[in-house]
Amino acid sequence: DHDGGESDDVRPAESSSRDRLLESPMIAVGVDPGVTGTALALVTPEQILRVAYVQNKGDGLPEQTKLHMLRLLHPAVESFCSSHVDIFVVEGQQNYRKSGNAKVEGLFDLAQVAGGIASLAIVAGSSDMKVRIPLPAEWKKQVPKDVHHARILHRYGIAFSKGGGEDPYCYPSGCAVAAKIKGAAMLNKSDWKHVCDAVGLAAWGLDMLRR
């Protein structure tokens, strides 16, 4: 008698799949978008798994430069989303009242790149992966960059130093980070100005999932 047999066979497998998902750590991707350079980070609540900084050296018209950035990011986003990712976070842009016209135009360019990255993530990620585009005020408030970077690196137990002169930021100190985090050995010290933001965005995404 096979009545209900199919249901009996399927339910344990589904339950087992859910159990594995519950046991595995949550994973997030954070992206700090830019027209000439974009940082990506893959993290769990306890560990930074992977980082990258994709540079756009194109010197064409602004529209071509933005599109070239997205072309460069296409394989990077696919790679970062190749394993199960719970949430993908790319920073949105906001206009501050004191910004001049040039600043506003730059924000429009960044917003277009950010939207393009979110679209790439929707295509590359799993159907249940959440995508968020928070404004800076949502995820890092008005905290100075170097202070926020220090908090991010401290959260992951990473020793750090400060650089940047009048525009300070933090970067990991010591050679251990390069061995522990995939892609870290490929970064310049100044790349961490953007990579730390990407890590912070990913960590913010994980915090959102816990709420």
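Please go through segment 168-211 and give me each residue that is aromatic (Phe, Trp, Tyr) and over 16 Å from Pro134 (Cβ atoms), ordered by number.
The answer is Tyr169, Tyr171, Trp192.
When you scan segment 57-82, how many residues do you find that are under 19 Å from Ser119 (Cα atoms) and either modelled with pLDDT of 90 or more or open to solvent by less than 40 Å² (accessible area, probe 1.4 Å) (or both)?
So the count comes out to 18.
For residues that are assigned to a helix (DSSP H, G or I) and of a type outside the set (A, V, I, L, M), scanning just segment 186-197, find the one that is surrounded by the most Cβ atoms within 10 Å (Cβ to Cβ).
Cys196
Go through segment 156-185 and report how many residues are part of a helix (DSSP H, G or I), closer than 14 Å to Leu42 by Cβ and open to solvent by 60 Å² or more (accessible area, probe 1.4 Å).
Selection size over segment 156-185: 1.
Looking at (1) under 18 Å from Phe80 (Cβ atoms); (2) open to solvent by 50 Å² or more (accessible area, probe 1.4 Å); (3) in contact with a His (Cβ under 8 Å, 6 or more places away or on another chain), which one does Gly200 not meet, given that it meets all the others?
For Gly200, the failing item is (2).
Going by the structure shown, is Glu91 open to solvent by less than 30 Å² (accessible area, probe 1.4 Å), closer than 25 Å to Thr44 by Cα and charged (D, E, K, R)?
yes
List the residue pairs whose Cβ atoms are under 8 Å apart, where the first residue sits in segment 103-124 and is touching a residue at least 24 places away in the same chain (Cβ under 8 Å) and closer than 13 Å to Thr38 by Cβ, the second is open to solvent by 30 Å² or more (accessible area, probe 1.4 Å) and assigned to a helix (DSSP H, G or I), and the two are 6 or more positions apart or on different chains.
Note: pairs meeting the criteria are Asp109/Pro62; Val113/Leu70; Gly116/Leu70; Ile117/Leu70; Leu120/Leu70; Leu120/His74; Leu120/Glu78.
Name the pairs: first residue in segment 143-163 and of a type in the set (Val, Ile, Thr), second residue outside any helix (DSSP H, G or I) and crowded, with 18+ Cβ neighbours inside 10 Å, Cβ to Cβ under 7 Å, at least 6 apart or on different chains?
Here the result reads Ile158/Pro172, each pair linking segment 143-163 to a residue that is outside any helix (DSSP H, G or I) and crowded, with 18+ Cβ neighbours inside 10 Å.
In the list Ala118, Ala159, Ala150, which residue meets the criterion of being of a type in the set (A, V, I, L, M, F, W, C) and more than 22 Å from Asp207 (Cβ to Cβ)?
Ala159
The values are calculated or read from the model by the stated rules, or taken from the named source; none is laboratory data. What you are looking at is a predicted structure, and each value in this text was computed from that prediction instead of being measured. Virtual Cβ from ideal backbone geometry, glycine too; neighbours counted across all protein chains shown. For the accessible areas, the whole protein counts, side chains as well, though only heavy atoms, and no ligand, DNA or RNA atoms are used. Shrake-Rupley method; radii C 1.70, N 1.55, O 1.52, S 1.80 Å.
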